[in-house]
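This report concerns only the one structure given below.
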Amino acid sequence: MRRKDPSNVLVRKAFVISVLVAGLVGCRERGGTSGGIPMPKKIVDLSPVVTEDLPVRQLGHRAVDFLGLKEHLSFTPVVPPKEHYSFGLTYYELPSHIGAHLDAPARLLKGGDRADQVPLNKLYGPARLVDLRWKDRHSALQITDLENYEIAADEILILFVGYTQPQDEDWPTYSPLSVQAAQWLAAKKIRALATDMPSIGSFSRYADLMEKNRPPEEVWAERLVFSQAGIPVVEGLANLGHLVNESNIVFVGFPLPIADRSGAPMRAAALIY
């Protein structure tokens, strides 16, 4: 585990600020040409590829059935009105919470932002990866699992649990966030929370609480914490292993501007400097 080091936090912040300022100055001096933008040493795509079998590939049969999703997405060619026309257009059928996606606050919070209303500046900025692959996948993340890591205000926190596709008819298995850990992170005033978890909560726990007819504020307790604090939640990321041991990361993840209360798919990436 990386211990907290205030001086290191300041150094990282100063580095990211200097990179962004250098880009702005360079663009101004060169009339906005690409030559003035400080290019990262590499860009890591954090979005799983959208294929027809993505729901089952990401969530498994049991969770797909629980959520009421179709097991396969539709990729339907658009047929022009005249046979000799050819445009190459396709209709895509994408659920709001599949692949890399934003969970919109409006889904649970009255008056919360829709996907198209979440400020993009909350989904872009210096990021910190916390590698939690050592954690038992059958128990929730607690405050004690997080408190020895460096977590700074106004940074985008990326929780890496090492999620893999469930086998056969199993529930997705990973270390979800406990309500207490969610409250602790929200109190840190992070800019956004991002993760490879398909959901920051447990699917089996959701199913159990719903079966018992528990109120929504109990079922979705860990999510409400972030929605009420104005902290966007991004789920379903991929390729986080490429960010391990990287110290200068800028996260960018912009959702489709869909005027819907549920959420929206996004293309997420990490800029490595």
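The values are calculated or read from the model by the stated rules, or taken from the named source; none is laboratory data. Not measured: the values here are computed from a predicted model. Don't worry about glycine lacking a Cβ; one is built from the backbone with ideal geometry, like all the others, and counts go over all protein chains shown. All accessible areas refer to the heavy atoms of the entire protein, side chains included, with ligands and DNA or RNA removed. Shrake-Rupley method; radii C 1.70, N 1.55, O 1.52, S 1.80 Å.
For the range 227-254, the tally of residues that are small (Gly, Ala, Ser) and farther than 18 Å from Lys188 by Cα stands at 5. From the list Phe160, Phe251, the lone residue that is among the hydrophobic types (A, V, I, L, M, F, W, C) and in contact with a helix residue (DSSP H, G or I) (Cβ under 7 Å, 6 or more places away or on another chain) is Phe160.
Tell me the residue from Tyr206, Tyr174 that is aromatic (Phe, Trp, Tyr), crowded, with 21+ Cβ neighbours inside 10 Å and either in contact with an Asp or Glu (Cβ under 6 Å, 6 or more places away or on another chain) or within 20 Å of His97 (Cβ to Cβ) (or both), please. Going through Tyr206, Tyr174 in turn, just one is aromatic (Phe, Trp, Tyr), crowded, with 21+ Cβ neighbours inside 10 Å and either in contact with an Asp or Glu (Cβ under 6 Å, 6 or more places away or on another chain) or within 20 Å of His97 (Cβ to Cβ) (or both): Tyr174. Among the residues of the range 175-200, those that are within 12 Å of Ala229 (Cα to Cα), part of a loop (DSSP other than H, G, I, E, B) and more than 14 Å from the chain's Cα centre (by Cα) comprise Lys188, Lys189.
If you go through the range 177-203 and keep only what is among the β-branched types (Val, Ile, Thr), closer than 22 Å to Ala63 by Cβ and crowded, with 17+ Cβ neighbours inside 10 Å, you end up with Thr195, Ile200. Of all residues in the range 218-242, those satisfying the criterion of being on the phi < 0 side of the Ramachandran plot and either modelled with pLDDT under 95 or not in a helix (DSSP H, G or I) (or both) are Trp220, Ile231, Pro232, Val233, Val234, Glu235, Leu237, Ala238. Restricting the range 88-119 to residues that are over 14 Å from Gly253 (Cα atoms) and assigned to a strand (DSSP E or B) leaves a set whose member that is nearest to the chain's Cα centre (by Cα) is Tyr92.
Among the conditions (1) surrounded by fewer than 17 Cβ atoms within 10 Å (Cβ to Cβ); (2) in contact (Cβ under 8 Å) with a residue 24 or more places away in the chain, Lys110 misses just one, which is (2). Of the numbered criteria (1) touching a Pro at 6+ places or on another chain (Cβ under 8 Å); (2) open to solvent by 80 Å² or more (accessible area, probe 1.4 Å); (3) in contact (Cβ under 8 Å) with a residue 60 or more places away in the chain, the one Leu120 fails is (1). Just one of the listed residues (Asp136, Asp154) is in contact with a strand residue (DSSP E or B) (Cβ under 9 Å, 6 or more places away or on another chain), surrounded by fewer than 16 Cβ atoms within 10 Å (Cβ to Cβ) and not in a helix (DSSP H, G or I), namely Asp154.
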